[in-house]
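Remarks on the structure that follows.
The values are calculated or read from the model by the stated rules, or taken from the named source; none is laboratory data. Keep in mind that this is a model prediction, so the values were computed, not measured. Cβ sites come from the backbone with ideal geometry, for glycine too, and all protein chains shown count toward neighbours. Ligands, DNA and RNA are stripped out before the accessible areas are found, and what is left, the full protein with its side chains, is counted by its heavy atoms. Shrake-Rupley method; radii C 1.70, N 1.55, O 1.52, S 1.80 Å.
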Amino acid sequence: MKRNRKVMLMGCMLGLAGLASCTDGYESEPVENFTLDYVFSPTDSVGTQATQYLNNIYRHLVNGHNRVGSDYLDAATDDAISIYYDDSEVYKLAMGRYTPTGRISAEMGWGTYYNTIREASIFVANIDRVPFNLTYVKAGETETDADGNLKETPLNVTMKAEARFLRALAYFELVKRYGGVPLLGDRVFELNDNLELPRNSFAQCVEYIVGELDDIKDDLRGLPMNGSDATNYAAVPTREACMALKTRVLLYAASKLFNEEPLERGNELVGYATYDRNRWKLAADAALELMSTAGHKGSGVINLNPNFRNAFLGYYSGGNTELIWFVQGEMNSYNLERNNGPLGFTGNGLGNGRTLPTQNLVESFPMKDGKPIGSSAYPYEVNNQYANRDPRLDMTVLHNGSNWLGRQLATYQGGGNNPTSSALYSRTSYYMCKFMGDYTGGSREYNGNSPHPWVVLRYAEVLLNYAEAQNEFLDAPDQSVYDCLIELRKRAGIEPGDDNLYGLKYPMSQGEMREVIRNERRIEMAFEEQRFYDIRRWKVAGDIFKNPVRGLTITNRDGVLNFAENEVLNVKWDDRRYLFPIPYSEVLKNSNMVQNPKW
């Protein structure tokens, strides 16, 4: 009996529709027909099947919205908890309730990433068999042929570079979780091959990933994409995405967990053999290379979106120049709002309150003059703590008194938006609103008109990466470090002050600036799957979780509100958790596979 395999034509979703038919979104084909000769046919001049194959590799990309058992990854940090705080995958992740055999598949996806690597390598090894007759002119192309026409690039060259980008990304996702992993290069292993491969060192893995990104950079499309490219190739990696990913890889490699203080000294699987301060310079230089062609330093092809909220609500082709690379989310849907919006609404305003920000996160936002709580000219009162704050707070967190869907939220105990008579309620008195449309006005329901891309790389991160790396490389921060933070704070709406420093102290020591940068990263990148790994690469999770994760209990007595902190989570940290354990199945079947320290 023949088994049919449905192949999603991701061109419909990823905009590659111009190369393959997308009449119904699927093609049914007997699995026996999916041979290399069929997929990479030497007679297919438009590469229909090969294009579908590449599009299927894109399917492995994760959409981070509520992806860890329906929660955000940040709910496993000190920034949030799940409303299902004691019975969710993200709670188990936060508490360290996983082992080499009992794993949390949504985050510890060893097999998923190697599947991506294998499929990408098959594509790389075979795409040149397809006699593509399709070419295009890259954005910004200036080179001309003998007739004066702009140089055209064969499409298969760029598609191969895209596959290598996805493979490099998969390796990075493995390395940041596990340290060094087996590198397969371009080789595609078969069942009868010797698969007992040792782990490569951390240094070898970083060198390979960076080498791949450098090698493919100029074969990828570039921003800005115009005309049909802007629509048809909206979510494919570009030259700028390649450069941005390189900054992230080198930043991680330079960080304490891998560079200065690996989990086990002398173990080159989990970090470098010796500390090298110059690794910070490599990360800074990589970020500066992209910054020099973007923002205030360059052409403005990439720049901060003037509105922080809108940085997550549109695509580059729609004018969102902050967006470097993303995974396309749901269009014309309000599932994100329904999952995370506040309790107490009905109909098209219904929210399940899944993600509950913490008091720890709320307190990290400075006052609107950019100065920390207690150091600002603006007074801070516990019962009026949301007044005169960094505007990003209200675009990230909903709190008691926030305007939402035509009403003022009541998140006090038993209030209309925190019905504590229910088994599920906000134990922190907060809800998340980042990534959602602007429902602070008179609208009384979610209209579903906002796209919800999952932003993987954006320009704000490049600025933060540069600031951190440059500060760590120098003995004290220079003006370029200040400039990055000022640019972010200016966009956020923080007051410049008489000195135009947007609340920053001058001068600062390296250590003082380090704390400012880390806090700026926390609030700017909240819920973007940064903090979970930041507190690991900085090797500060042990110190953070010495203290409880906190929320607020707000009570209303005869119209008078009382605010009191409460402990919502106590995490017992174990340093072995700075890296995940290698799956036991991999160690069992591979005598050369070395487990991570203390697992």
Restricting attention to the stretch 59-85, which residues are assigned to a loop (DSSP other than H, G, I, E, B) and acidic (Asp, Glu)? ASP78, ASP79
Residue tally, condition surrounded by fewer than 17 Cβ atoms within 10 Å (Cβ to Cβ) and of a type in the set (D, E, K, R), over the stretch 517-571: 6
Across the stretch 475-500, what is the number of residues that are part of a loop (DSSP other than H, G, I, E, B) and open to solvent by less than 30 Å² (accessible area, probe 1.4 Å)? 2
Can you confirm whether the stretch 36-49 contains a residue that is open to solvent by less than 50 Å² (accessible area, probe 1.4 Å) and either within 29 Å of GLY542 (Cβ to Cβ) or within 20 Å of the chain's Cα centre (by Cα) (or both)? no
Here are some conditions: (1) in a loop (DSSP other than H, G, I, E, B); (2) surrounded by 24 or more Cβ atoms within 10 Å (Cβ to Cβ); (3) within 19 Å of the chain's Cα centre (by Cα). THR428 meets all but one. Which one does it not meet? (3)
Filtering the stretch 431-460 down to residues that are crowded, with 21+ Cβ neighbours inside 10 Å and of a type in the set (Gly, Ala, Ser), which residue is nearest to ILE302 (Cα to Cα)? ALA460
List the pairs whose first member sits in the stretch 187-210 and is without any contact (Cβ under 8 Å) to a residue 24 or more places away in the chain and within 14 Å of ALA168 (Cα to Cα), whose second member is in a loop (DSSP other than H, G, I, E, B) and of a type outside the set (Gly, Ala, Ser), and whose Cβ atoms are under 6 Å apart, counting only residues at least 6 apart or on separate chains? none
I'd like the full set of residues that are crowded, with 19+ Cβ neighbours inside 10 Å and touching a helix residue (DSSP H, G or I) at 6+ places or on another chain (Cβ under 7 Å), limited to the stretch 125-142. ILE127, VAL130, PHE132
Count of residues meeting criterion [surrounded by fewer than 18 Cβ atoms within 10 Å (Cβ to Cβ), modelled with pLDDT under 95 and more than 23 Å from VAL181 (Cβ to Cβ)] in the stretch 85-122: 2
Within the stretch 315-341, track down each residue that is open to solvent by less than 30 Å² (accessible area, probe 1.4 Å) and either touching a helix residue (DSSP H, G or I) at 6+ places or on another chain (Cβ under 9 Å) or farther than 20 Å from ASP71 by Cβ (or both). ASN320, GLU322, LEU323, ILE324, TRP325, PHE326, VAL327, GLY329, GLU337, GLY341
Restricting to the stretch 92-112, name every residue that is assigned to a helix (DSSP H, G or I) and either touching a residue at least 60 places away in the same chain (Cβ under 8 Å) or closer than 11 Å to PHE527 by Cα (or both). ALA94, MET95, TRP110, GLY111
Going residue by residue through the stretch 143-154, is there one that turns out to be out of contact with any His (no Cβ under 7 Å at 6 or more places or on another chain), open to solvent by less than 50 Å² (accessible area, probe 1.4 Å), in a strand (DSSP E or B) and under 29 Å from THR293 (Cβ atoms)? yes
So is ASP215 within 28 Å of ILE582 (Cβ to Cβ) and open to solvent by 40 Å² or more (accessible area, probe 1.4 Å) or not? no
Qualifying positions in the stretch 431-454 - farther than 16 Å from PRO391 by Cα, in contact with a His (Cβ under 7 Å, 6 or more places away or on another chain) and outside any strand (DSSP E or B): HIS452
Index of the failed condition, SER375 passing every other in (1) open to solvent by 60 Å² or more (accessible area, probe 1.4 Å); (2) within 27 Å of the chain's Cα centre (by Cα): (2)
Among all residue pairs at least 6 apart or on different chains, which show Cβ distances below 6 Å where the first residue, located in the stretch 260-284, is within 18 Å of LYS598 (Cα to Cα) and touching a residue at least 24 places away in the same chain (Cβ under 8 Å) and the second is open to solvent by less than 60 Å² (accessible area, probe 1.4 Å) and of a type in the set (Ser, Thr, Tyr)? LEU263/TYR578; GLU268/SER201
I need the full set of residues from the stretch 545-588 which are among the charged types (D, E, K, R) and without any contact (Cβ under 8 Å) to a residue 60 or more places away in the chain, in order please. LYS546, ARG557, ASP558, GLU567
ILE302: passes all of (1) in a helix (DSSP H, G or I); (2) at pLDDT below 95 but (1)
